[in-house]
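Please read the structure below before turning to the comments.
The values are calculated or read from the model by the stated rules, or taken from the named source; none is laboratory data. Note that the coordinates shown come from a computational prediction; the quantities given were computed from them, not determined experimentally. Cβ coordinates were reconstructed from backbone atoms using ideal geometry, including for glycine residues, and neighbour counts include every protein chain displayed.
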């Protein structure tokens, strides 16, 4: 009897311990990062073609070998989509003439094959490639699945997205024909996947066709409210392209937040779309910069304090800051830097820093030229398309505050707006920016004093200005090059005892720098054997661009 009681007691303790273990395991499971579980579920919806074996005995290439997820030179696969170049982590490189064959027998759960087919961006010449995608039920008889037949691709053209029904196929063949010559025929199939019918990678981005269906419901109505919002959303998708938007959304949560902010506001979309096509043509690059600006300065955009602008009385600081951010996002979609030497890091502009500089100058009265000419309200009233001529000013961030202050000293001294033009500052002389006279130590103090601001030498100036969330402050000073590391700067164009200067191109570009650092839109236009400066002016009757 006692033995039985002890056995029952032991069994009870054992079961209790087992229960505790299960409880602990369950608690651990609850605390796990379930994103891995979600990802595993999502991945069952598709399978990358480069992750499954191709039939080597039935595949061939015109040069080197089939490579997966890279080029034969071990670089990333890259094609043009919707006018912009993108790299891809997954895909197949098969130099034409080539065939790559897959046995799909073990992948019957998938319904479609999708990919972007085209020439890798390393293909810069040649007579192009003809692509085809074929399927077979027996591996012997093949049928093209391209709706309009084989696709001819030339270097520099956009890749073509294909979606092929494979539900009745057991074999898949990717074909690239070299036409007459196989020089540079770098044929690729990027983001190549087998997908299920239920797979959806749209990230909520509607197609233009889907927007067109929605817009039919508004026909005959006044274009306001949701109708206007839907029209603007469609316009952005149409201009940017669904791939650029989907790719952008996939990059980060910050991108998603910014895109939600952009797409759900008529004002935001108006500012961005009416601002024109991004410099360089890449909406993806532009949206990346806008996301950076939004993440850094989003609190600025909700500032409802009124500016009391004489042309737009209801305009707020938030409106101005949004226009500034949109303008910079549209200009800094490609590299912006000093026209003299934009490839040097010290001469390049950063979107966040340029925003901080112009915000600082606007708030601190730096856009006032003379007692009779304050550019501040002009700057506030600019539309995004006009403000772009200020923000893409081909000058380094380092020199903007210095040049603004240097020009202002002349405006204050001579009380004339002539000093908003380049000629009082410059001699018409063929430039030589590599001349050692700019860089030797014996001339340092001369240039330091010549271009000083209020007694502080050019190379001793240090501006500390407010930044944003991740960069609370920026410290800006003008880098001075050396004889071993020659860094060109705007000040090298201005008059000095050595008689150096610039000709029409340098004069016009320096003139653009002078005006834009005071908030005046300006740009340079080329003419046969000449360059001229265009700049914006405003009066009570009209706004216009004038040639100087």
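In segment 366-382, the qualifying residues are those that are touching a helix residue (DSSP H, G or I) at 6+ places or on another chain (Cβ under 7 Å) and surrounded by fewer than 19 Cβ atoms within 10 Å (Cβ to Cβ), and the one that is modelled with the highest pLDDT is 368.
Looking across segment 311-337, the residues that are in contact with a helix residue (DSSP H, G or I) (Cβ under 8 Å, 6 or more places away or on another chain), more than 17 Å from residue 262 (Cβ to Cβ) and either without any contact (Cβ under 8 Å) to a residue 60 or more places away in the chain or assigned to a loop (DSSP other than H, G, I, E, B) (or both) come down to 311, 312, 315, 317, 334, 336, 337.
Quick check: is even one residue across segment 350-373 within 25 Å of residue 277 (Cα to Cα) and in a loop (DSSP other than H, G, I, E, B)? Yes: segment 350-373 contains one or more residues that are within 25 Å of residue 277 (Cα to Cα) and in a loop (DSSP other than H, G, I, E, B). Pairs linking a residue in segment 374-395 that is without any contact (Cβ under 8 Å) to a residue 12 or more places away in the chain to a residue that is outside any helix (DSSP H, G or I), with Cβ atoms under 8 Å and 6 or more positions apart or on different chains, are 374/367; 374/368. Answer yes or no: is there a residue in segment 205-217 that is part of a loop (DSSP other than H, G, I, E, B) and over 30 Å from residue 273 (Cβ atoms). There is no residue in segment 205-217 that is part of a loop (DSSP other than H, G, I, E, B) and over 30 Å from residue 273 (Cβ atoms). With a requirement of 2 or more residues that are without any contact (Cβ under 8 Å) to a residue 40 or more places away in the chain and over 34 Å from the mean Cα position of the chain (by Cα), the strands (runs of 3 or more DSSP E) lying completely within segment 50-151 that satisfy it span 129-136.
The residue that is nearest to the chain's Cα centre (by Cα), counting only those in segment 281-310 that are assigned to a loop (DSSP other than H, G, I, E, B) and free of Cβ contacts under 8 Å to residues at least 60 places away in the same chain, is 302.
Of all the listed residues (497, 469), the sole one being surrounded by fewer than 18 Cβ atoms within 10 Å (Cβ to Cβ), within 34 Å of the chain's Cα centre (by Cα), in a loop (DSSP other than H, G, I, E, B) and on the phi < 0 side of the Ramachandran plot is 469.
Counting only residues that are surrounded by 13 or more Cβ atoms within 10 Å (Cβ to Cβ) and part of a loop (DSSP other than H, G, I, E, B), segment 417-431 holds 6 of them. Please work out which residue is surrounded by the fewest Cβ atoms within 10 Å (Cβ to Cβ), limiting yourself to segment 472-494 and to residues that are in contact with a strand residue (DSSP E or B) (Cβ under 8 Å, 6 or more places away or on another chain) and part of a loop (DSSP other than H, G, I, E, B). So, considering only residues that are in contact with a strand residue (DSSP E or B) (Cβ under 8 Å, 6 or more places away or on another chain) and part of a loop (DSSP other than H, G, I, E, B), the one surrounded by the fewest Cβ atoms within 10 Å (Cβ to Cβ) is 472.
Per the conditions (1) at pLDDT 95 or above; (2) outside the structural domain of residue 522 (by TED's automatic domain parsing), the sole criterion not satisfied by residue 425 is (2). Considering the conditions (1) crowded, with 23+ Cβ neighbours inside 10 Å; (2) under 14 Å from residue 517 (Cβ atoms); (3) within 24 Å of the chain's Cα centre (by Cα), residue 394 is excluded by exactly one of them, (1).
Would you confirm, using the coordinates I've provided, whether residue 152 is out of contact with any strand residue (DSSP E or B) (no Cβ under 8 Å at 6 or more places or on another chain), surrounded by 13 or more Cβ atoms within 10 Å (Cβ to Cβ), in the same structural domain as residue 59 (by TED's automatic domain parsing) and over 20 Å from residue 54 (Cβ atoms)? Here the answer is no, as residue 152 does not meet what is asked.
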